[in-house]
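The values are calculated or read from the model by the stated rules, or taken from the named source; none is laboratory data. Everything quoted here is computed from the prediction, not taken from an experiment. Neighbour counts are summed over all protein chains in view; Cβ atoms, including those assigned to glycine, are modelled from backbone coordinates with ideal geometry. Surface accessibility is based on the protein's heavy atoms, side chains included, excluding ligands, DNA and RNA. Shrake-Rupley method; radii C 1.70, N 1.55, O 1.52, S 1.80 Å.
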Amino acid sequence: MPMTGRRLTSLLAYVTTAAAAASLLTGCGVLPGATGGSREPVTVMTWAPDQTRATNMPGMPAMAQAFARWVNAQGGIDGHELRVLTCNDQNTSAGAAACARRAVHEGAVAVVGSYSQFGRSFMAPLESAGIPYIGGYGISEDEFTSPLSYPVNGGQASLLAGHGMQLAESCRKVSLVRPDNIAGDRLLDLLNSGLRKASHRTAVDIPAREDSAEYTQPATRARTRAGSEEGCVTAVLGERTQTFFDSFRRLPGNSAEKKEDGATAVRISSVLGSVGQPLIDRTGGAHSPFEGAYVTGWYPSADNKAWDPMRQVIREHAFADNRVDPTDAGVQTTWIAYTVLKQVIESLDSDRITPLRISHALDQGAKIDTGGLTPPLRWRYDDLLGARDFPRIVNHDVTFQVVREGRLVAQKPGFVDVGETVLAAP
């Protein structure tokens, strides 16, 4: 694909900490550093949607900038100053392509820890330039098919397959409310693969607009089809999941519909990224409508000590930027993705870092230790899961969590391997 479009201006300049903090407000900036030494700076990009009508992930570029401040304060990554470009993909295909073209034009050696639904739009420019895509959020299928993509989690495929396994233990009937788009079409099969593995049941599919202002009609259908006897309503609508469950909570009879143990007759559930600790906090904590909800995640719960190094970096280098929430799945994914970048650059021990050297090192089996946040990560051919639609998955572990007293905590300890379940999905 030809690289067209106007060259965007980079802010690759040494500035004060105050100016760097100010750049966070623009949604498209660069984080400078002052590391010295003879090794060349390394430029990367992190993108995510911000201030759109659908899902927004402003914490991911903000976490990338905090990571760069941290490593540059220590002399960079193996002597290389880390320069982070950020871009807002606007939740559009054109926006995703524009961010990718900018990464090419600005000489980025990798795109790291980013979120975009439009994999086809951003992967083609990156592939043409040989730029690896490290640790995307896992929302687009192209992240799990491109040979230049190095995912750190199992994406929506692992979450939905695992969620089916989690719900099968407690739910007689399940209604799935999901986006009425291409990405949402695959969610039902994946959820059903997990449900069938443990219970031989399947869910009711309820497509809904991802950018709707209210969801009374799909909420009514979901509750009715789930039934009142151990029924579960699952919503996977990204940022609009809150809007859906607000409509669900307001349905007539929901407030009085209680079991003897005080739980609602219809239990709600979701996956991390659609429901997370920040949302639970915003909606009332222990009094939130999500109290008792089942949630499947990629990583350990936010209270796990394995997150302590990330929390320290946020405290010391994110300043007062409230976008960087350590309990947010996007922030956590960006931290892990930059951990991969740091370790692979250190393994190269080279004065000059190029996209080809990074991808070659990862393809040849560079093994990444994330400190217990994931299994050890490696992207050799033998490490790939090889699922039909998700061949690039290497981490197919998930965690089962539940909301108790307003906190997302582990429902069961450790990771659950859902690789075979993903492979069994149609």
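Hey, can you tell me all the residues within region 186-203 that are more than 9 Å from M165 (Cα to Cα), assigned to a helix (DSSP H, G or I) and touching a strand residue (DSSP E or B) at 6+ places or on another chain (Cβ under 7 Å)?
L187, L188
In region 397-415, which residue that is assigned to a loop (DSSP other than H, G, I, E, B) and out of contact with any strand residue (DSSP E or B) (no Cβ under 6 Å at 6 or more places or on another chain) is most open to solvent (accessible area, probe 1.4 Å)?
The selected residue is E405.
Restricting attention to region 53-70, which residues are of a type in the set (A, V, I, L, M) and either surrounded by 24 or more Cβ atoms within 10 Å (Cβ to Cβ) or out of contact with any helix residue (DSSP H, G or I) (no Cβ under 7 Å at 6 or more places or on another chain) (or both)?
Once the filter is applied, which keeps residues that are of a type in the set (A, V, I, L, M) and either surrounded by 24 or more Cβ atoms within 10 Å (Cβ to Cβ) or out of contact with any helix residue (DSSP H, G or I) (no Cβ under 7 Å at 6 or more places or on another chain) (or both), region 53-70 yields M57, M60, A62, M63, A64, A66, A68.
Report yes if D205 is among the acidic types (D, E), open to solvent by 20 Å² or more (accessible area, probe 1.4 Å) and modelled with pLDDT of 95 or more, otherwise no.
Yes: the conditions hold for D205.
Within region 335-361, take every residue that is over 18 Å from L148 (Cα atoms) and part of a loop (DSSP other than H, G, I, E, B) and give me the one that is most open to solvent (accessible area, probe 1.4 Å).
R352
Yes or no: V418 touching a strand residue (DSSP E or B) at 6+ places or on another chain (Cβ under 6 Å), modelled with pLDDT of 95 or more and not hydroxyl-bearing (S, T, Y)?
Yes.
Only residues that are open to solvent by less than 20 Å² (accessible area, probe 1.4 Å) and more than 19 Å from P413 (Cβ to Cβ): list them for region 301-313, please.
M310, V313
Filtering region 362-380 down to residues that are open to solvent by less than 40 Å² (accessible area, probe 1.4 Å) and free of Cβ contacts under 8 Å to residues at least 24 places away in the same chain, which residue is farthest from T334 (Cα to Cα)?
Residue satisfying both the conditions and the ranking: G365.
Does E127 satisfy being in a helix (DSSP H, G or I), under 21 Å from I393 (Cβ atoms), open to solvent by less than 10 Å² (accessible area, probe 1.4 Å) and among the acidic types (D, E)?
no
Where the second residue is of a type in the set (S, T, Y) and surrounded by fewer than 17 Cβ atoms within 10 Å (Cβ to Cβ) and the first is touching a residue at least 40 places away in the same chain (Cβ under 8 Å) and lies in region 336-354, which pairs have Cβ atoms under 7 Å and are six or more apart or on separate chains?
Close Cβ pairs satisfying both conditions: D351/S38.
Does L167 satisfy the criteria of being of a type in the set (A, V, I, L, M, F, W, C), in contact with a strand residue (DSSP E or B) (Cβ under 7 Å, 6 or more places away or on another chain) and open to solvent by 10 Å² or more (accessible area, probe 1.4 Å)?
The answer is no for L167.
Against the condition open to solvent by 10 Å² or more (accessible area, probe 1.4 Å) and more than 22 Å from Y137 (Cα to Cα), how does Q217 come out, does it pass?
Spelling it out, Q217 is indeed open to solvent by 10 Å² or more (accessible area, probe 1.4 Å) and more than 22 Å from Y137 (Cα to Cα).
Scan region 71-100 for residues that are surrounded by 22 or more Cβ atoms within 10 Å (Cβ to Cβ), farther than 23 Å from P179 by Cβ and either of a type outside the set (A, V, I, L, M, F, W, C) or modelled with pLDDT under 95 (or both) and report the count.
Qualifying residue count for the region: 6.
Inside region 170-190, can you point out the residues that are within 24 Å of E230 (Cβ to Cβ) and either within 18 Å of the chain's Cα centre (by Cα) or open to solvent by 10 Å² or more (accessible area, probe 1.4 Å) (or both)?
S170, R172, K173, R178, L187, L188, D189, L190
Failed condition for E106, given (1) modelled with pLDDT of 95 or more; (2) open to solvent by less than 10 Å² (accessible area, probe 1.4 Å), with all others met?
(2)
Has region 341-353 got at least one residue that is more than 19 Å from the chain's Cα centre (by Cα) and modelled with pLDDT under 95?
no
Consider region 101-120. How many of its residues are more than 29 Å from D397 (Cβ to Cβ) and either of a type in the set (G, A, S) or outside any helix (DSSP H, G or I) (or both)?
Going through region 101-120 one residue at a time, the tally reaches 4.
So, in region 109-124, how many residues would count as being buried (at least 24 other Cβ atoms within 10 Å of the Cβ) and of a type outside the set (S, T, N, Q)?
Residues in region 109-124 being buried (at least 24 other Cβ atoms within 10 Å of the Cβ) and of a type outside the set (S, T, N, Q): 8 in total.
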